[in-house]
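Single-structure report; data block below.
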Amino acid sequence: MNNKGQSLYRKAKLRIPGGTQLFSKRPDLFLPEQWPSYYSKAKGVDVWDLDGNKYIDMSYMGLGACILGYADSDVDNAAKAAIKSGSMCTLNCPEEVELADLLCELHPWADMVRFARTGGEAIAIAVRIARARTKKDKIIFCGYHGWHDWYLAANLGEVDVLDGHLIPGLKPAGVPRALKNTAFAFHYNKINELKTIVSSNKGEIAAILMEPVRNYEPELGFLEEVRRIATDIKAVLIFDEVSSGWRLTAGGAHLLYRVTPDIAVFAKAMSNGYPMAAIIGIADVMGAAQDSFISSTYWTERIGPTAALSTIRKHKRNNVPEHLIKMGKRVQSEWKSAAEHHGLRISISGIPPLGHFSFDYENGQAIRTLFTQEMLHKGFLATDSFYASYAHQNYHIESYSRAVDETFAFIAKAIEGNKINKLLKGPVAHSGFHRLA
Ligand SMILES: Cc1ncc(COP(=O)(O)O)c(C=O)c1O
């Protein structure tokens with residue numbers, strides 16, 4: 001098969017350690033030796049690879065960044081205007097003050113805002129502010145929060161604590177061993193795990209950090225109890241809304257659960273494909289950002305805040321979450337009915353706009369690879385997750401559902417005939433973080 005993307009990826013692996021800048025875009029995680037890997041153009045939900053093949057993206061939509069769809073005309077026009085009037089200057093851009101106001105309007109509990117450009121760095125800033133405010137060092141967290149030292153420090157112990165928090169196998173190579181016992185993980189909805197960590201680190205916890213929701217709904221009273229504990233131990237409660245934000249409502253998902261953090265962090269979807277991130281919080285905590293040195297040149301450029309203002313306004317105007325929930329629910333129900341129809345065992349999780357399924361078989365990863373392979377041949381970028389965007393329309397879901405149904409039928413037969421590996425035209429997809437060979 002003609003695959004310029006694979007040739008380029010082979011070259012990239014020699015020139016760029018790890019091949020890609022974002023682990024989750026590693027082609028080997030999808031379909032080794034076959035994944036198109038690079039795009040020449042993306043618009044709406046359509047993606048063109050380097051060979052000119054066109055696909056419909058029914059997977060991650062830029063890893064959750066493009067909530068309105070690729071190359072959204074409104075956001076792009078706003079960004080172009082920002083470029084035309086100078087994207088960078090010795091003076092500051094006024095859009096950042098406008099955006100800070102808008103974010104506080106949407107989150108009436110918040111008083112102040114700092115900006116960054118990526119999710120992981122914004123979370124690292126929130127952690128720094130919490131440590132500066134409380135004058136304590138230790139962080140308790142649940143879930144995935146990026147690549148920075150404070151987070152990977154959790155794996156400096158004897159066991160791989162971070163397994164089970166989205167990306168397994170994260171190695172703390174390069175993280176100072178002195179950070180051992182500064183970050184502790186608990187599992188979502190497991191309030192007793194949190195309580196145990198709190199009681200063995202009395203007076204030392206600077207922050208409790210978590211996504212308000214992701215794979216599962218909070219159990220009754222769970223978020224409220226986390227809030228109570230944070231207040232009780234004088235720790236800063238940080239909600240990571242890097243992925244959950246803007247999916248269920250205009251702003252953080254926490255608005256729906258009526259539990260108020262001290263800090264919330266946004267990135268990804270807030271600016272539809274242009275780098276932007278925000279740390280919003282109560283004045284009492286955010287004020288500590290003045291005591292610590294938190295400063296970077298490109299946090300001041302103009303395109304990010306301009307794109308964010310345009311994205312958020314369009315998001316509000318068009319009630320985007322309603323559309324995302326509708327599309328996401330449809331896809332989850334198509335997975336379920338196709339699996340039932342063909343007798344496949346799958347488990348479905350995730351809030352509707354960030355849906356996920358897994359094949360419940362010993363060779364589930366090989367089956368998932370075959371699913372991606374067959375869906376690619378039918379014209380879809382597809383894996384075990386569907387991140388809904390405003391550009392997904394009913395007709396996309398309909399053609400995707402027909403393809404899923406056919407592919408599940410094919411897979412069911414292959415399982416019955418014990419032929420999954422035989423039908424794969426390349427290796428099984430990788431899972432978890434590890435060094436490329
Ligand atoms: C919940 C959460 N926090 C933080 C991050 C890190 O964001 P970024 O990849 O922009 O650094 C991610 C990325 O997937 C995320 O899902």
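The values are calculated or read from the model by the stated rules, or taken from the named source; none is laboratory data. These figures come from a predicted structure and were not determined experimentally. All Cβ positions, glycine included, derive from the backbone under ideal geometry; neighbour counts span all protein chains shown. Heavy atoms of the whole protein, side chains included, go into the accessibility calculation; ligands, DNA and RNA do not. Shrake-Rupley method; radii C 1.70, N 1.55, O 1.52, S 1.80 Å.
A few notes on this one:
- Only listed residue being out of contact with any helix residue (DSSP H, G or I) (no Cβ under 9 Å at 6 or more places or on another chain), within 30 Å of Ser37 (Cβ to Cβ) and hydrophobic (A, V, I, L, M, F, W, C), chosen from Ala65, Ala116, Ala79, Ala122: Ala122
- Segments classed as helices (runs of 4 or more DSSP H), wholly inside region 310-416, with at least 3 members that are over 26 Å from the mean Cα position of the chain (by Cα): 320-342, 394-416
- The single residue among Glu241, Glu219, Glu204, Glu225 that is among the acidic types (Asp, Glu), touching a residue at least 12 places away in the same chain (Cβ under 8 Å) and in contact with a Phe, Trp or Tyr (Cβ under 8 Å, 6 or more places away or on another chain) turns out to be Glu241.
- Here Cys93, Cys89 are screened, and the one residue that is more than 16 Å from the ligand (Cβ to nearest atom), out of contact with any strand residue (DSSP E or B) (no Cβ under 7 Å at 6 or more places or on another chain) and open to solvent by less than 40 Å² (accessible area, probe 1.4 Å) is Cys93.
- Residues in region 300-317 that are within 19 Å of Asn92 (Cα to Cα) and open to solvent by 40 Å² or more (accessible area, probe 1.4 Å): Thr300, Arg302.
- Members of region 103-112 found to be crowded, with 21+ Cβ neighbours inside 10 Å and closer than 19 Å to Asn272 by Cβ, listed by number: Leu103
- Residues of region 9-57 satisfying the condition of being of a type in the set (Phe, Trp, Tyr) and either in contact with an Asp or Glu (Cβ under 9 Å, 6 or more places away or on another chain) or surrounded by 18 or more Cβ atoms within 10 Å (Cβ to Cβ) (or both): Tyr9, Phe30, Trp35, Tyr38, Tyr39, Tyr55
- Complete set of residues in region 247-289 that are touching a helix residue (DSSP H, G or I) at 6+ places or on another chain (Cβ under 9 Å), open to solvent by less than 40 Å² (accessible area, probe 1.4 Å) and part of a loop (DSSP other than H, G, I, E, B): Arg247, Leu248, Thr249, Ala250, Gly251, Gly252, Val259, Pro261, Asp262, Ala267, Asn272, Met276
- Checked against the criterion of being of a type outside the set (A, V, I, L, M) and under 22 Å from Val127 (Cβ atoms), the candidates Tyr298, Tyr257, Tyr274 yield just one match: Tyr298.
- Every residue from region 150-169 that is among the β-branched types (Val, Ile, Thr) and open to solvent by 50 Å² or more (accessible area, probe 1.4 Å): Val159
- Extreme residue, nearest to the ligand (Cβ to nearest atom), among residues of region 133-163 that are modelled with pLDDT under 90 and under 18 Å from Ile208 (Cβ atoms): Leu162
- For Gly62, the conditions (1) out of contact with any Leu (no Cβ under 7 Å at 6 or more places or on another chain); (2) within 26 Å of Glu301 (Cβ to Cβ); (3) more than 16 Å from the ligand (Cβ to nearest atom) are fulfilled apart from (3).
- Residue satisfying condition, being open to solvent by 50 Å² or more (accessible area, probe 1.4 Å), in contact with a helix residue (DSSP H, G or I) (Cβ under 9 Å, 6 or more places away or on another chain) and of a type outside the set (A, V, I, L, M), within set His341, His377: His341
- Of Ile294, Ile303, Ile282, all but one fail to be away from the ligand (no atom under 15 Å from the Cβ), under 19 Å from His107 (Cα atoms) and out of contact with any Gly (no Cβ under 7 Å at 6 or more places or on another chain); the exception is Ile282.
- Residues located in region 113-132, provided they are away from the ligand (no atom under 12 Å from the Cβ) and in contact with a strand residue (DSSP E or B) (Cβ under 6 Å, 6 or more places away or on another chain): Val113, Arg114, Phe115, Ala130, Arg131
- First in region 126-143 and under 18 Å from Ser199 (Cβ atoms) and free of Cβ contacts under 8 Å to residues at least 40 places away in the same chain, second anywhere and charged (D, E, K, R) and surrounded by 24 or more Cβ atoms within 10 Å (Cβ to Cβ), Cβ under 6 Å, 6 or more apart: none
- Flag for Ile167 being near the ligand (Cβ under 9 Å from one of its atoms) and not polar (S, T, N, Q): yes
- Of everything listed in (1) among the aliphatic types (A, V, I, L, M); (2) open to solvent by 20 Å² or more (accessible area, probe 1.4 Å); (3) modelled with pLDDT of 95 or more, the single unmet condition for Ala206 is (2).
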